[in-house]
Amino acid sequence: MGLPRHKRLPITSGMKVGVLGGSFNPAHDGHLQMSHLALRKLGLSRVVWMVSPQNPLKSKLGMEAFEDRFHSAKSVADDPRIIVSDFEHVMESPFTARSLSRLSMIHSDIQFVWLMGADNLQHVHRWDRWTHIFDLFPVAVVARPGYQHQAAFSKAARRYGANRVDEQDASRLAYMPAPAWVYLRTMLNPVSSTSIRKMAEGHGHRWPEMKKIDTP
């Protein structure tokens, strides 16, 4: 099955839109729970799952083909408010900072928020032009099991400590000038793409069929 090829996203002027990037190798209920939390607490209209063609910091070993990962995300994102996008694939842009810059130019009338897990906050300083991400879009960091302490003392959290927004003001984050970021606490979902791949390997097949969880 072919992939839809487009540059503009199916979003309209004035929307508050969260962008969740990642390999989605495979997509899972943790991604869905994170998106539902962002939709609710940030008051977003849509969340875009921006599937990476290949994370420069991750090995290609064990990385499924882009088309497989894209359709994995489509199968899990069973919510009309979640858009699974091949934007980075079409733009041939594996670097988040570059992708978000292009996205902001194409959709200059959208209030974007970059979404990431606390596990990514711990390592984001290793990303290409990582400070540009924080200076371009407000950022929402979602709690992840085992990463609360590391995230709190990460290089990014220390650098932008003065720009942290109280969680009770999260619904206004999209309208705040960057840099601004919020830490969203939630019931922690232990599911990860790594654990799913290990489970699949143990059962002698690729990806297990995911069971949807009910998230508000």
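Counting other C-beta atoms within 10 Å, and keeping those with at most 15, which DSSP coil trypsin sites (Lys or Arg not before Pro) do you find in region 115-188? Let's see the in-between values first.
Working: sites: 126, 129, 155, 158, 159, 164, 172, 185; in loops: 129, 185.
Sparse-neighbourhood loop trypsin sites (Lys or Arg not before Pro): 129, 185.
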Between the modelled labels at residue 8 and residue 152 (7 Å from Cα along Cα→Cβ) the distance in nm is 4.6 nm
Which residues' amide hydrogens lie under 5 Å from the amide hydrogen of residue 165, considering only partners 5 or more residues apart or on another chain, with H built in the peptide plane?
181, 182, 183
Would you order 130, 49 from fewest to most other beta-carbon atoms within 10 Å of each residue's own beta-carbon?
130, 49
Under 5 Å, built H, 5+ apart or other chain: amide partners of residue 19:
48, 113, 114, 115
Under 20 Å Cα-Cα from residue 155, which aspartates and glutamates qualify once same-chain neighbours fewer than 8 residues away are excluded?
119, 128, 135, 166
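Note the direction-averaged projected area, equal to a quarter of the hull surface, for the Cα convex hull of region 16-202, in nm². All intermediate terms of the calculation are to be shown ahead of the outcome.
Values: hull surface 39.9 nm².
Seen from a random direction, the Cα hull of region 16-202 projects 10.0 nm² on average.
Read-outs: derived from the displayed coordinates by stated rules, not from any lab. Keep in mind that what you see is a predicted model, and the values were worked out from it rather than measured. In this analysis, Cβ positions are derived from the backbone assuming ideal geometry, glycine residues included, and neighbour counts consider all displayed protein chains.
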